[in-house]
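Below is one structure, written out as structure tokens; comments come after it.
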Amino acid sequence: MKKIGVLTGGGDAPGLNAVIRAVVKTAIGSYGCEVIGLRDGYDGFLKKDGIVPLGIKEVRGILPRGGTILGTANRGNPFAREVIKDGKKVVIDTSDEVVAAIKKQNLDGLVVIGGDGTLHISRELFAKGVPVVGVPKTIDNDVGGTEVTFGFDTALDTATEAIDKLHTTAESHHRVMVLELMGRDAGFIALHAGVAGGADVILIPEIPFRYEAIVEKIQRRIKRGSHFSILAVSEGAKSIDGEQSFSRSGNEIYVPRLGGIGAQVGQYIEENTEQETRVTVLGHIQRGGTPSSFDRFLATRYGAAAVRLIADKKFGSMVAFRFGDVVDISLEEALAVPKRVKVDGDSVRTARDLGICFGDEK
Ligand code: F6P
């Protein structure tokens, strides 16, 4: 193993730098191997100055830093790249060009740190002969085959702290406070933060809700003397007879952007109860900041394990966390089924035992 590459793709998440650092330190320290970094995901192979040498000096001090020193892009898909042709924007397949650029670098392996989208692209490039090893990243925790992705724990702390802070205003002003949280089609952030922060209602994509059930819960609380309620609402949640709410539609380059369900729920509550309601959208705050110690440790283990996989020539694989150990699985297995909240699993059952409403109660 003489030379490897590392890139970060998709949305940023706390812990990306910890993975990059572990990759560089392991490659150099344990294998005497050269490392290059790609700027802005796969785009780095095509653009000018897109390749940077990574030595120990370059990764010094980055462990506690959020974001990624390499930059990232969530439209960096070599199979569908937007370019300007004859003055017009067109989408073309540049994958052969990217494969050729990767081959030119004589890489013994490429560590790809990304979520579902980036890992799908990497599987396609593996089929074209690129020696990839994946590292599962995302605050949404929705990658299959692994119990946890790095970034999730930090986002959870941020979301839980937000719920704690909303409690103050909720109690003081006797209000309903709705907090819209990220997660795409998976409700892990809203579920875990909702339970950890003591929310009264949790709405997640996996459990379609009835507006009436939410109002009934709030009224029950008022009758009991609790003149405030906290709702943790996943951005992908939807009512039984409704659709998910989007703030922007998708196209060949961008996936549709979820957003707006918190406002809809808040409006319904205000119109159908006597309680004043406020809505907070936590947004990208969840992706920022210094990674938690759990995420730093996990990201570091993932990074070192990914380099070991390259040394063992186990390409087309992904590092994963199972029963306390970092293991490797095929990208095929990881991407077969996206991970979702188990609606009859112990987390949801625990929340129900504590009286938390999911909006599906009869
Ligand atoms: O996948 C991570 C995530 O933060 C989702 O939770 C959210 O829906 C999406 O990315 C937001 O993407 P963008 O940064 O493009 O707005």
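What are the equivalent ellipsoid semi-axes of segment 60-133, built from the alpha-carbon gyration tensor (square roots of five times its eigenvalues), in whole angstrom, biggest first? Walk me through the numbers on the way to the answer.
Values: eigenvalues 113, 67, 30 Å².
One finds semi-axes of 24, 18, 12 Å for segment 60-133.
At 1.4 Å probe size, what's the solvent-accessible area of Phe126? Round to the nearest 10 Å².
Accessible surface of Phe126 is approximately 80 Å².
Taking all protein chains together and a probe of 1.4 Å, list Lys47, Lys103 from the most accessible to the least accessible.
On the way: Lys47 75, Lys103 125 Å².
If we order Lys47, Lys103 from most to least accessible, we get Lys103, Lys47.
On each of the three principal axes of the Cα atoms of segment 126-246, give max minus min coordinate, whole Å, ordered largest first.
Principal extents (Cα only, largest first): 64, 32, 22 Å.
Carbon and sulfur together cover what percent of the accessible area of the chain at a 1.4 Å probe radius? Don't skip to the answer; put the middle values down first.
Working: 7980 of 16070 Å².
Taking all protein chains in place, the chain shows 50 percent carbon and sulfur surface.
Dimensions of segment 248-362 along principal axes (Cα, Å, largest first)?
64, 40, 31
Each residue of segment 320-326 in order: what ³J(HN,Hα) in whole Hz does its phi give by Karplus 6.51 cos²θ - 1.76 cosθ + 1.60, θ = phi - 60°, with x for Gly and Pro?
Karplus-based 3J(HN,Hα) across segment 320-326 equals 8, 10, 9, 6, x, 10, 8 Hz.
Taking the full set of protein chains and a 1.4 angstrom probe, give the accessible area of Asp353 in square angstrom, rounded to the nearest 10.
Accessible area, nearest 10 Å²: 130 Å².
Counting heavy atoms of the protein chains only and a 1.4 Å probe, report the per residue accessible area for segment 235-362 as a whole number of Å².
55
How large is the helix-only mean residue ellipticity at 222 nm for the chain, computed as the sum of -39500 (n - 2.57) over DSSP H runs with n ≥ 4, divided by its residue count, in deg cm²/dmol to the nearest 500?
On the way: 11 runs with 132 residues, N = 362.
Counting only the DSSP helices, I get -11500 deg cm²/dmol.
With the Cα gyration tensor of segment 96-145 in hand, convert its eigenvalues to equivalent ellipsoid semi-axes via √(5λ) and list them largest first in whole Å.
Numbers: eigenvalues 102, 21, 14 Å².
Equivalent ellipsoid of segment 96-145: 23, 10, 8 Å, largest first.
Picking from Ser292, Ser229, Ser249, which is most flexible by a Gaussian network model of the chain using Cα springs under 10 Å?
So, out of Ser292, Ser229, Ser249, the one fluctuating most is Ser249.
Hey, can you grab everything whose amide H is under 5 Å from the amide H of Leu282? Only 5+ residues off in sequence or another chain; H modelled, so Pro and N-termini drop out.
HN-HN under 5 Å from Leu282: Glu180.
Quick one: of the DSSP bridges fully inside the chain, what percent are antiparallel, nearest 5? Walk me through the intermediate numbers first.
Working: 16 of 49 bridges.
So the antiparallel bridges in the chain amount to around 35 percent.
At what distance in angstrom do the alpha carbon centres of segment 66-112 and segment 245-279 lie from each other?
A separation of 33 Å, based on Cα centres.
Give the ranking of Arg60, Arg75, Arg340 by solvent-accessible surface, highest area first, calculated with a 1.4 Å probe.
Details: Arg60 165, Arg75 110, Arg340 85 Å².
Descending accessible area places them as Arg60, Arg75, Arg340.
Can you list the HN-Hα couplings for segment 116-129, worked out from phi with the Karplus curve (6.51, -1.76, 1.60; θ = phi - 60°), rounded to whole Hz and with x for Gly and Pro?
Those phi angles translate into 3, x, 5, 5, 4, 4, 5, 5, 5, 6, 4, 5, 8, x Hz.
Taking 1 over the mean of 1/r across every pair of different Cα atoms in the chain, what Kirkwood radius in Å do you get? Walk me through the numbers on the way to the answer.
Details: mean 1/r = 0.0467 Å⁻¹.
Computed over Cα pairs of the chain, the Kirkwood hydrodynamic radius comes out at 21.4 Å.
In whole Hz and in residue order, list the ³J(HN,Hα) couplings for segment 295-303 that follow from phi through the Karplus curve 6.51 cos²θ - 1.76 cosθ + 1.60, θ = phi - 60°; x for Gly and Pro.
Per-residue couplings from phi come out as 5, 5, 5, 5, 4, 5, 5, 4, x Hz.
Rolling a 1.4 angstrom probe over the protein chains, ignoring ligands and nucleic acids, what is the accessible area of Thr138 in square angstrom, nearest 10?
10
Helix 95-104: angle to the longest alpha-carbon principal axis of the chain, degrees 0 to 90, nearest 10?
The two axes meet at around 50 degrees.
Just to confirm the number: angle between the C-alpha axis of helix 16-31 and the first principal axis of the chain, 0 to 90 degrees, nearest 10?
So the inclination is approximately 30 degrees.
For labels at Glu216 and Asn251 in the simple 7 Å Cα→Cβ model, what's the distance in nm?
It is 4.5 nm.
Could you grab the Rg to Rh ratio for segment 1-121? Cα atoms only, Kirkwood for Rh. Display every interim value, and only then the final one.
Details: Rg = 14.6 Å, Rh = 14.8 Å.
Computed over Cα atoms, the ratio is 0.99.
Taking the alpha-carbon centroid of each part, what is the distance from segment 309-343 to segment 1-61 in angstrom?
Their Cα centres are 21 Å away from one another.
The values are calculated or read from the model by the stated rules, or taken from the named source; none is laboratory data. Computed from a prediction, not measured in an experiment: that's the story for all the values here. Cβ atoms come from the backbone with ideal geometry, glycine included; neighbour counts cover every protein chain shown. The area values use the complete protein model at the heavy-atom level, side chains included, leaving out ligands, DNA and RNA. Shrake-Rupley method; radii C 1.70, N 1.55, O 1.52, S 1.80 Å.
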